[in-house]
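Asker: Let me begin by handing over the structure; questions about it come next.
The values are calculated or read from the model by the stated rules, or taken from the named source; none is laboratory data. In this text the structure is predicted, and so the values were computed from the model without any measurement. Ideal geometry is used to build each Cβ from the backbone, glycine not excepted, and the neighbour counts take in all protein chains shown. Just so you know, the surface numbers come from the protein's heavy atoms only, side chains and all, with ligands and any DNA or RNA stripped out. Shrake-Rupley method; radii C 1.70, N 1.55, O 1.52, S 1.80 Å.
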Amino acid sequence: MEQISVFDILKIGVGPSSSHTLGPWRAALRFVEALRKKRVFDRTQRITIDLYGSLSLTGKGHYTDTAVMMGLTGADPQTVPVEDIRPTVAAIALHNRIVLSGGREIEFHPSTDIRFLSEFLPFHSNGMRFSAFDGQGALLAERVYYSIGGGFIVREGERPSRGEGGKKFPYPIQRAEQLLAYTVEQKCSIADIVLENEKTLCSEAQIRRKLLAIWDVMLRSVYTGCHTLGELPGGLHVKRRAAYVYDRIKPYLIYDGYRDWAVQLRRVRADAQSIFTWVSTFAIAVNEVNASLGRIVTAPTNGSSGVIPAVLLYYLTFVNPKAGEDEIVEFLLVAGEIGSIFKKEATISAAQGGCQAEIGVSSAMAAAALCHVSGGKPSQCLTAAEITMEHHLGLTCDPVGGLVQVPCIERNSMGAIKAITAANWAINNDPDVAVVSLDKVIKTMWETAKDMDFKYKETARGGLAAEIPVSLPDC
């Protein structure tokens with residue numbers, strides 16, 4: 001049984017894609033570390049990267065080439081100043097030199113040393129091959145990695161993680177029915193079970209601090225998107241809309257920075273129609289930041305990173321303005337666990353399952369978490385997640401031009417609204433009369449993913465991407 005932490009599902013990183021940007025970035029970091037472990041780092045004179053399948057077909061629009069270069073330099077996607085990314089990559093391309101992590105400088109030609117190959121590797125459509133050579137051209141090391149969604153990467157032939165340092169969760173969970181059984185047996189909530197598992201990896205104080213840091217990044221991304229006008233990069237000339245709408249709906253508020261802004265938002269009074277506009281604006285704001293190489297939280301992917309912040313901010317602003325850090329922590333614990341079940345039993349990779357694996361999963365995570373902090377029973381929380389995914393089944397991934405912009409940004413708005421609707425419906429109904437369980441809908445999602453034509457899995461060859469063909473410059 002794969003052991004997945006909440007912090008594996010909710011990761012601080014850089015946009016625009018968890019599988020096409022964050023995953024390759026982390027793979028490059030691992031490859032340089034592998035060169036050291038193999039004791040060939042000091043002999044390395046050339047590195048090449050081959051990108052396959054979906055990484056090749058939409059890699060330019062997803063900044064995959066940028067990601068692998070940043071990873072080779074040793075930059076940490078969690079902490080690197082986002083304003084440094086473009087200048088760093090531009091300097092590499094200008095001088096055809098790269099300084100690897102640790103200070104070793106080698107010749108590197110991005111136009112020829114990063115190759116976009118249309119064929120697919122057998123294990124997953126997001127495959128990449130890193131190769132290192134000495135000064136005579138002899139191969140020193142080669143690694144094949146797969147970016148399997150949500151920033152997760154696996155090396156070819158690698159087994160899933162069974163736990164850090166041999167530590168095992170006291171409540172191992174593969175399916176939703178097991179999670180529910182633990183809550184019944186222990187007479188506790190989903191958040192309680194997840195917390196006990198996480199405490200095998202770090203202290204409760206550390207868990208709380210890390211989750212609040214994740215919320216801080218989420219909140220900042222909402223704020224940034226709501227206060228930034230202009231055009232998104234990439235060549236589609238998509239206008240930023242969150243700040244425009246925010247300017248139209250905002251009341252008179254005085255605030256100093258994003259944290260104070262969130263406090264002042266709790267004074268907002270709005271009718272149902274206005275609330276939905278606020279939620280949509282929150283969600284779109286995050287994904288406009290994501291689309292512009294900004295810092296966001298993968299939740300469970302970058303393309304769906306706006307759903308959970310929007311729903312949590314909805315709860316704090318319009319449902320329970322008196323809520324505090326406890327509710328934020330519990331919301332994220334529940335959301336993370338639901339995401340991990342989807343990853344274990346299906347996929348969170350759009351290249352493998354379409355957008356149902358991104359927006360569908362993020363919406364289900366948010367629905368369960370919202371139901372929990374709103375007073376729902378564990379069974380109602382799982383029902384909320386089930387309802388949400390039931391109405392995302394079959395959703396394709398068809399990014400126009402291979403960019404995480406159209407229709408990706410708006411889909412976060414739709415996912416947030418569906419999550420709120422599902423949570424409200426679940427908390428007002430008896431889960432024991434539900435015909436479909438969460439495990440059944442996850443299985444159905446996986447079968448749907450396997451039946452879906454490959455062109456609808458993040459290839460920019462189907463759906464809207466095919467109907468709106470565009471010729472874009474290199475990003």
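Asker: Can you tell me which of 362, 304 is touching a residue at least 40 places away in the same chain (Cβ under 8 Å), out of contact with any Pro (no Cβ under 9 Å at 6 or more places or on another chain), under 27 Å from residue 448 (Cα atoms) and among the polar types (S, T, N, Q)?
Answerer: Selected residue: 304, the only one of 362, 304 that is touching a residue at least 40 places away in the same chain (Cβ under 8 Å), out of contact with any Pro (no Cβ under 9 Å at 6 or more places or on another chain), under 27 Å from residue 448 (Cα atoms) and among the polar types (S, T, N, Q).
Asker: For the range 377-393, give me each residue that is touching a Gly at 6+ places or on another chain (Cβ under 9 Å) and more than 15 Å from residue 359 (Cβ to Cβ).
Answerer: 383, 384 - these are the residues of the range 377-393 that are touching a Gly at 6+ places or on another chain (Cβ under 9 Å) and more than 15 Å from residue 359 (Cβ to Cβ).
Asker: Next up: Determine whether the range 21-37 contains at least one residue that is within 22 Å of residue 213 (Cα to Cα) and of a type in the set (Asp, Glu).
Answerer: Checked against the condition, which is being within 22 Å of residue 213 (Cα to Cα) and of a type in the set (Asp, Glu), the range 21-37 yields no hits at all.
Asker: Right, something else. When only residues in the range 84-131 that are among the acidic types (Asp, Glu) and at pLDDT 95 or above count, which is nearest to residue 36 (Cα to Cα)?
Answerer: 105
Asker: Being aromatic (Phe, Trp, Tyr), more than 30 Å from residue 195 (Cβ to Cβ) and buried (at least 16 other Cβ atoms within 10 Å of the Cβ) narrows it down to one of 246, 252, 223, so name that one.
Answerer: Exactly one of 246, 252, 223 is aromatic (Phe, Trp, Tyr), more than 30 Å from residue 195 (Cβ to Cβ) and buried (at least 16 other Cβ atoms within 10 Å of the Cβ), namely 246.
Asker: Let me ask something else about it. Which helices (runs of 4 or more DSSP H) sit wholly inside the range 200-309 and have at least 3 residues that are within 29 Å of residue 25 (Cα to Cα)?
Answerer: The helices (runs of 4 or more DSSP H) meeting that bar are 204-226, 272-291.
Asker: Considering only residues that are outside any helix (DSSP H, G or I) and either among the aliphatic types (A, V, I, L, M) or open to solvent by less than 70 Å² (accessible area, probe 1.4 Å) (or both), which ones fall in the range 183-199?
Answerer: 188, 189 - these are the residues of the range 183-199 that are outside any helix (DSSP H, G or I) and either among the aliphatic types (A, V, I, L, M) or open to solvent by less than 70 Å² (accessible area, probe 1.4 Å) (or both).
Asker: Also, quick follow-up: Within the range 24-106, considering only helices (runs of 4 or more DSSP H) that don't extend past its boundaries, which have at least 3 residues that are crowded, with 16+ Cβ neighbours inside 10 Å, in contact (Cβ under 8 Å) with a residue 60 or more places away in the chain and not hydrophobic (A, V, I, L, M, F, W, C)?
Answerer: Here the list reads 53-57.
Asker: If you check residue 180 against the conditions, is it surrounded by fewer than 18 Cβ atoms within 10 Å (Cβ to Cβ) and within 20 Å of residue 338 (Cβ to Cβ)?
Answerer: Here the answer is no, as residue 180 does not meet what is asked.
Asker: Another one. Would you mention how many residues in the range 107-116 are open to solvent by 50 Å² or more (accessible area, probe 1.4 Å) and outside any loop (DSSP other than H, G, I, E, B)?
Answerer: Going through the range 107-116 one residue at a time, the tally reaches 5.
Asker: When the residues of the range 408-418 are filtered to those that are of a type in the set (A, V, I, L, M) and either touching a Gly at 6+ places or on another chain (Cβ under 6 Å) or over 13 Å from residue 286 (Cα atoms) (or both), which remaining residue is least open to solvent (accessible area, probe 1.4 Å)?
Answerer: It comes out as 417.
Asker: Could you list, in sequence order, all residues of the range 390-417 that are of a type in the set (D, E, K, R) and either outside any helix (DSSP H, G or I) or touching a Leu at 6+ places or on another chain (Cβ under 6 Å) (or both)?
Answerer: 398 - this is the single residue of the range 390-417 that is of a type in the set (D, E, K, R) and either outside any helix (DSSP H, G or I) or touching a Leu at 6+ places or on another chain (Cβ under 6 Å) (or both).
A quick yes/no check of all residues on (1) surrounded by fewer than 20 Cβ atoms within 10 Å (Cβ to Cβ); (2) under 22 Å from the mean Cα position of the chain (by Cα):
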position: 380; (1), (2): no, no
position: 385; (1), (2): no, yes
position: 397; (1), (2): no, yes
position: 401; (1), (2): no, yes
position: 406; (1), (2): no, yes
position: 422; (1), (2): no, yes
position: 443; (1), (2): yes, yes
position: 458; (1), (2): no, yes
position: 468; (1), (2): yes, no
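Asker: Select, from 143, 159, the only residue that is at pLDDT below 95, among the basic types (Lys, Arg) and under 27 Å from residue 54 (Cβ atoms).
Answerer: Testing whether each residue is at pLDDT below 95, among the basic types (Lys, Arg) and under 27 Å from residue 54 (Cβ atoms) leaves just 159.
Asker: Taking the condition of being assigned to a helix (DSSP H, G or I), among the aliphatic types (A, V, I, L, M) and over 20 Å from residue 353 (Cα atoms), how many residues in the range 420-466 meet it?
Answerer: Residues in the range 420-466 being assigned to a helix (DSSP H, G or I), among the aliphatic types (A, V, I, L, M) and over 20 Å from residue 353 (Cα atoms): 6 in total.
Asker: Restricting the search to the range 286-304, which residues are farther than 21 Å from residue 243 by Cβ and either among the β-branched types (Val, Ile, Thr) or open to solvent by 10 Å² or more (accessible area, probe 1.4 Å) (or both)?
Answerer: Matches in the range 286-304: 298, 301.
Asker: Just wondering, is there one or more residues in the range 404-415 that are within 30 Å of residue 181 (Cβ to Cβ) and either out of contact with any strand residue (DSSP E or B) (no Cβ under 6 Å at 6 or more places or on another chain) or in contact (Cβ under 8 Å) with a residue 40 or more places away in the chain (or both)?
Answerer: Within the range 404-415, one or more residues are within 30 Å of residue 181 (Cβ to Cβ) and either out of contact with any strand residue (DSSP E or B) (no Cβ under 6 Å at 6 or more places or on another chain) or in contact (Cβ under 8 Å) with a residue 40 or more places away in the chain (or both).
Asker: Is it fair to say residue 437 is closer than 18 Å to residue 343 by Cα and either touching a residue at least 40 places away in the same chain (Cβ under 8 Å) or not polar (S, T, N, Q) (or both)?
Answerer: Judged against the criteria, residue 437 is a match.
Asker: Separate question: Could you please find all residues in the range 23-42 being over 22 Å from residue 8 (Cα atoms) and not β-branched (Val, Ile, Thr)?
Answerer: Answer for the range 23-42, where residues must be over 22 Å from residue 8 (Cα atoms) and not β-branched (Val, Ile, Thr): 35, 36, 37, 38, 39, 41, 42.
Asker: In the range 310-354, how many residues are open to solvent by 10 Å² or more (accessible area, probe 1.4 Å) and outside any helix (DSSP H, G or I)?
Answerer: Residues in the range 310-354 being open to solvent by 10 Å² or more (accessible area, probe 1.4 Å) and outside any helix (DSSP H, G or I): 5 in total.
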